[in-house]
Amino acid sequence: MCCDAKEKEIALERQSWSERRKVLQQEQERLLDGQSLLNQREEYVASKSQELNQLEKVLEVSKANIEKELRSLNDEKSKLELTAAFLSQREECMQAVIEREAVLRKREQELLVLQEKLASKESIEIEKVVANHENVLRTRNSEFEAELEMKRQLVEDEIEAKRWAWELREVDLKQREDVVEKELFC
């Protein structure tokens with residue numbers, strides 16, 4: 001009886017070990033299946049990561065091209081604005097010179113008429129009138145030059161304001177590009 005009990009105990013232990021071995025084999029098979037799935041996922045992630053890297057490179061090249069084009073367009077626009085401002089200022093100056101010459105001619109004619117009228121009067125009286133007209137001409141000339149200077153300053157201020165607006169627009173565009181770039185990476 002003692003031997004039968006020991007044999008039964010040994011048989012039970014063998015059966016228990018056999019069941020444990022089956023469980024371990026099943027567990028090992030599940031681990032291998034899990035490892036295979038994990039490997040597939042890693043390959044998929046690596047593939048997508050490589051695609052993302054290629055897209056990032058394409059995006060960087062496109063971004064650089066756009067920035068280069070934008071700088072070129074801004075440079076061209078600035079040149080055109082400066083040329084337009086210069087031409088406008090030149091036109092204003094030419095118009096002002098023409099008007100000034102007309103005024104001066106008219107004043108000269110008026111002065112000649114006055115000189116002829118005053119020729120009969122005493123020389124002191126003539127000198128006073130001539131001096132007065134010359135002072136008026138000098139004053140108007142000074143006022144005209146001051147007005148020209150003020151217009152030139154206004155044109156320069158306008159150019160500076162436009163330049164500032166373009167710089168703000170460029171900063172805004174850069175910020176938008178950064179936002180789009182962040183959204184693409186997310």
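Going through Ala46, Ala102 one at a time, which residue ends up being among the hydrophobic types (A, V, I, L, M, F, W, C) and closer than 30 Å to Phe144 by Cβ?
None of the other options fit; the residue is Ala102.
Could you list, in sequence order, the residues of the range 141-186 that are under 30 Å from Val103 (Cβ atoms) and in contact with a Leu (Cβ under 9 Å, 6 or more places away or on another chain)?
Scanning the range 141-186 gives Asn141, Ile159.
Does Val113 satisfy the criteria of being β-branched (Val, Ile, Thr) and either touching a helix residue (DSSP H, G or I) at 6+ places or on another chain (Cβ under 6 Å) or surrounded by 11 or more Cβ atoms within 10 Å (Cβ to Cβ) (or both)?
No: the conditions fail for Val113.
List every residue pair whose Cβ atoms sit under 9 Å apart, with the two residues 6 or more apart in sequence or on different chains, where the first one lies in the range 171-186 and is within 13 Å of Glu60 (Cα to Cα) and the second, anywhere, is basic (Lys, Arg) and assigned to a helix (DSSP H, G or I).
Glu177/Lys63; Glu181/Lys63
Please specify each residue of the range 43-101 satisfying the condition of being out of contact with any helix residue (DSSP H, G or I) (no Cβ under 9 Å at 6 or more places or on another chain) and of a type in the set (Phe, Trp, Tyr).
Tyr44 - this is the single residue of the range 43-101 that is out of contact with any helix residue (DSSP H, G or I) (no Cβ under 9 Å at 6 or more places or on another chain) and of a type in the set (Phe, Trp, Tyr).
Kindly indicate whether any position in the range 72-84 is surrounded by 10 or more Cβ atoms within 10 Å (Cβ to Cβ) and within 30 Å of Ser142 (Cβ to Cβ). Outline the logic, then answer.
Residues of the range 72-84 that are surrounded by 10 or more Cβ atoms within 10 Å (Cβ to Cβ), as a first pass: 72-84.
Filter once more, so that each one left must be within 30 Å of Ser142 (Cβ to Cβ): 82, 84.
Within the range 72-84, one or more residues are surrounded by 10 or more Cβ atoms within 10 Å (Cβ to Cβ) and within 30 Å of Ser142 (Cβ to Cβ).
Considering only the range 38-91, state which residues are under 28 Å from Leu173 (Cβ atoms), over 14 Å from the mean Cα position of the chain (by Cα) and of a type in the set (A, V, I, L, M).
Leu52, Leu55, Val58, Leu59, Val61, Leu80, Leu82, Ala84, Ala85
Filter the range 86-145 down to residues that are at pLDDT below 85, outside any loop (DSSP other than H, G, I, E, B) and acidic (Asp, Glu), then give me how many there are.
Here the count works out to 3.
The values are calculated or read from the model by the stated rules, or taken from the named source; none is laboratory data. Everything quoted here is computed from the prediction, not taken from an experiment. Glycine gets a Cβ as well: all are built from the backbone with ideal geometry, and neighbour counts include every protein chain shown.
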